[in-house]
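Working notes, structure below.
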Amino acid sequence: MIFKTPRGTQDILPSETWKWQRVEKIINETCDTYRYKEIRTPLFEQTELFQRLVGETTDVVQKEMYTFMDKGNRSMTLRPEGTAPVVRSFVEHKMFGYPDQPVKLFYTGPMFRYERQQAGRYRQFVQFGAEAIGSADPAIDAEVIALAMDVYKRAGLTKLKLVLNSLGDTECRTSHKEALIAHFGPHIEEFCGDCKSRLEKNPLRILDCKVDYKNPLIASAPSLADYLNEESVAYFKEVKSYLDDLGIAYEVDANLVRGLDYYNHTAFEIMSTSEGFGAITTLCGGGRYNGLAEEIGGPSAPGIGFAMSIERLLLAMEAEGKSFVDEPNLDVYVITLGEEAKHPGFKLLSELRSSDIRSDMDYMDRKMKGQMRSADRLNAQVVVIIGEDEVAENVAMVKNMSDGTQEKIATGELIEKIKDILTR
Ligand code: ATP
Ligand code: MG
């Protein structure tokens with residue numbers, strides 16, 4: 001074999017795509033119920049957008065981006081996440097001027113990160129994400145969380161855990177940052193090179209380090225929870241009370257630091273608690289990002305959102321033993337016997353399709369038995385058999401596969417008869 005899918009990518013074959021379509025249907029319907037509208041942004045953007053919005057010191061920007069120079073010598077990056085493009089679009093199209101605020105958007109599409117491949121971790125993966133931009137009402141934080149939970153619920157998942165934290169606002173972050181620098185500074189030689197460079201710029205990232213996570217100084221680091229100001233505490237309390245209204249259970253984890261820099265106030269993750277689910281249990285991550293639109297020259301427009309990958313949703317379904325029901329995908333299989341029957345059969349196929357009846361026929365010159373086997377394999381509900389005698393008589397044999405009965409039907413009445421069997 002000369003060519004293979006690049007590492008970290010996968011072909012999704014027809015035996016799987018139908019499940020993806022089911023999930024996408026659930027996503028579209030749930031978003032519609034919550035009045036979130038779909039947005040589609042380009043697969044690549046100017047590199048600087050991600051550097052600015054995701055943050056220079058994050059793993060995503062430092063290690064995981066697919067960045068290339070285009071032929072015009074501009075640095076472009078395959079999108080590693082969806083929030084920055086959505087906020088860029090929000091500012092570019094002046095959505096802050098829309099009469100209906102907040103602007104509620106969702107997207108589903110591939111993201112690209114140069115990561116080490118493991119179960120549930122790909123270099124190209126599909127994220128569904130939602131964003132509500134323009135409101136700082138804690139009720140919308142709860143709404144956004146509810147939307148994510150609802151999608152999982154509709155996919156049949158029950159073993160879920162919502163973990164919540166408050167990252168506070170800029171004021172708390174600044175005093176916490178100083179405390180972290182004082183804490184780690186004297187011992188920074190014990191830490192990896194990344195952490196050394198994080199110390200001054202973004203010491204919070206040290207807490208999320210994948211290399212030094214066992215260093216006891218991480219566990220003993222000053223907790224952001226102790227630096228939250230009154231306003232942040234009050235905001236967090238409101239978010240929790242709205243979640244209580246919805247009957248959504250949560251755990252507060254003061255150590256939850258998200259992997260992207262733009263979050264403030266609410267941060268959350270949804271995990272699978274299913275036993276069969278591997279080492280990576282996070283299904284969904286999100287949070288509030290006030291100030292992101294301003295960062296790229298827009299007006300102040302507080303936002304909140306989340307992203308989840310479909311890959312991990314499907315893995316979680318598997319781990320919980322939940323699967324979609326595979327409905328039969330063929331209504332009618334047309335069997336033709338002999339030269340004379342082929343043209344009438346081929347025309348009938350086209351009529352069936354015009355009537356929205358899912359149908360197919362043989363193109364491999366198979367004998368009767370082989371065609372019948374195909375019809376069985378494809379789980380056809382009805383088989384229409386046209387031989388030379390039928391052509392001469394202007395009829396076709398219609399076989400109802402669910403009860404095995406068959407009947408000769410005049411050509412002009414075929415579609416009605418078939419519809420009749422299918423709706424029974
Ligand atoms: P992780 O800690 O697993 O690397 P993250 O913090 O990088 O996650 P986010 O950027 O918040 O993840 O993305 C939100 C969600 O997207 C994750 O919870 C996960 O479901 C999914 N996700 C992230 N990276 C990948 C990947 N490489 N492959 C598949 N799904 C992914
Ligand atoms: Mg990651």
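The values are calculated or read from the model by the stated rules, or taken from the named source; none is laboratory data. Note that the structure is a prediction, hence the values are computed from the model and not measured. With ideal geometry, Cβ positions are generated from the backbone for all residues, glycine too; neighbour counts draw on all protein chains shown. What goes into the accessible areas is simple: the full protein's heavy atoms, side chains included, and nothing from ligands, DNA or RNA. Shrake-Rupley method; radii C 1.70, N 1.55, O 1.52, S 1.80 Å.
Taking packing as the residue-averaged number of other Cβ atoms within 10 angstrom, the listed peptides 290-298, 105-113 run from highest to lowest as 105-113, 290-298.
Using a Gaussian network model of the chain with C-alpha springs under 10 Å, which one of E318, E16, E45 is most mobile by mean-square fluctuation? The residue with the greatest mean-square fluctuation here is E16.
Here the chain is treated with +1 on each Lys and Arg Cβ and -1 on each Asp and Glu Cβ, and its dipole about the Cα centre works out to around 920 debye. Only DSSP H runs of four or more residues enter the estimate; each adds -39500 (n - 2.57), and after division by the residues of the chain the mean residue ellipticity at 222 nm equals -11000 deg cm²/dmol. Ordered by 1.4 Å accessible area with all protein chains kept, T33, T273 run largest first as T33, T273. Here L13 sits with roughly 100 square angstrom of accessible surface, probe radius 1.4 Å. Heavy-atom accessible surface of segment 330-418, averaged per residue, reaches 58 Å², computed with a 1.4 Å probe. Computed from the Cβ-Cβ distance with R0 of 35 Å, the FRET efficiency linking Q124 to E230 stands at 0.20. Shape of the chain from the C-alpha gyration tensor: prolate (a/c of 1.5 or more and a/b above b/c, with a ≥ b ≥ c the square roots of its eigenvalues). Residue order by solvent-accessible surface for R7, R373, R258 is R7, R373, R258, largest first, with ligands and nucleic acids left out and a 1.4 Å probe. Only bridges whose two residues both fall in segment 330-418 count here: according to DSSP, what percent of them are antiparallel, nearest 5? The answer is about 55 percent antiparallel.
Considering only E200, E56, E388, the Gaussian network model of the chain with Cα springs below 10 Å gives its largest mean-square fluctuation to E388.
The distance separating the Cα centre of segment 199-264 from that of segment 312-334 comes to 38 Å. Packing, taken as the mean count of other beta carbons within 10 Å per residue, orders the peptides 225-238, 73-86 from highest to lowest as 73-86, 225-238. Ordering S354, L167, I218 by Cα displacement along the dipole of the chain toward the positive end leaves I218 in first place; charges were set at the Cβ atoms of Lys, Arg (+1) and Asp, Glu (-1).
Give the shape of segment 330-418 as rounded, prolate or oblate, defined through the alpha-carbon gyration tensor: a ≥ b ≥ c are the square roots of its eigenvalues, a/c under 1.5 means rounded, and otherwise the shape is prolate if a/b is larger than b/c and oblate if not. The shape class here is rounded. Sort out for me the Cα centre separation of segment 102-161 from segment 348-403, rounded to whole Å. Computed from Cα coordinates, the inter-centre distance equals 44 Å. Here's the list of lysines a cross-link from K63 could span, going by alpha-carbon distance under 25 Å and ignoring same-chain residues fewer than 8 apart: K4, K71, K177, K196, K201, K210, K214. Can you give the accessible area of M149, probe radius 1.4 Å, in Å² rounded to 10? About 40 Å², rounded to the nearest 10.
Among I421, I145, the order of accessible area from largest down is I421, I145, computed with a 1.4 Å probe on protein heavy atoms. At 1.4 Å probe size, with no ligands or nucleic acids counted, give the accessible surface of L378 in Å², nearest ten. Near enough 70 Å² of accessible area.
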